Amino acid sequence: MLRIIRAVHQAASTCLLAATPEQAKAAVLAVRAAGWHSPARTACLEESVATVLLLATRRLAVTWCHGVAADPVRLHAWVQTEDGAPVAEPSSTGAYTPVLTLGARHHRQP
C-alpha cells in the first residue's frame, strides 16, 4: 500500500490543473475498459490508481480516495473531482468514509 500511496502522491504532484468531470469520467471508463483485457486483478484500487496515473500524464488532477464502510467492514477506492463528486461511481459510494485522500487539492496553478 505504501508503494501505491507514493505513486499517487508523485503523480499528483506533477498536475497543474484539475480535471473536468468529463475528463475524469472518460479516464475512469477508459481504465475500466482496459481492465477487461488484463489477466490480473482489476478492482477499485487498481482502477482508481490507474485513473490518477492516466490523468497525470496530461497534468490533470483528481482526488484519489481510499475509504471504509462499517457493518460489515468494507474497503473501497475511487476518484473524485475537485468539487468532491465521485467519478463514475454508484450512489453506494456515499456509504464510505474517506480515510486517505491524495491529489487535486494539492494541484498547482500554471
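The values are calculated or read from the model by the stated rules, or taken from the named source; none is laboratory data. If you're wondering where the values come from, they're calculated on a predicted model, not measured in any experiment. Neighbour counts are summed over all protein chains in view; Cβ atoms, including those assigned to glycine, are modelled from backbone coordinates with ideal geometry.
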- request: Give the residues of the stretch 76-105 that are surrounded by 13 or more Cβ atoms within 10 Å (Cβ to Cβ), part of a strand (DSSP E or B) and among the aliphatic types (A, V, I, L, M), sorted by residue number.
  value: Ala77, Val79, Leu100, Leu102
- prompt: Scanning the stretch 9-52 for residues that are modelled with pLDDT under 95 and β-branched (Val, Ile, Thr), which turns out surrounded by the fewest Cβ atoms within 10 Å (Cβ to Cβ)?
  reply: Thr14
task: Name, by its number, the condition in (1) at pLDDT 95 or above; (2) touching a Ser or Thr at 6+ places or on another chain (Cβ under 9 Å); (3) not hydroxyl-bearing (Ser, Thr, Tyr) that does not hold for Arg74.
output: (2)
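Could you list, in sequence order, the residues of the stretch 59-72 that are surrounded by 13 or more Cβ atoms within 10 Å (Cβ to Cβ) and either assigned to a strand (DSSP E or B) or of a type outside the set (A, V, I, L, M, F, W, C) (or both)?
Taking the stretch 59-72 and keeping what is surrounded by 13 or more Cβ atoms within 10 Å (Cβ to Cβ), we get 59-69.
Listed by number, the residues that qualify are Arg59, Leu60, Ala61, Thr63, Trp64, Cys65, His66, Gly67, Val68, Ala69.
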task: Considering only residues that are of a type outside the set (S, T, N, Q) and touching a residue at least 12 places away in the same chain (Cβ under 8 Å), look in the stretch 87-102 and name the one that is nearest to Val8 (Cα to Cα).
output: Leu102
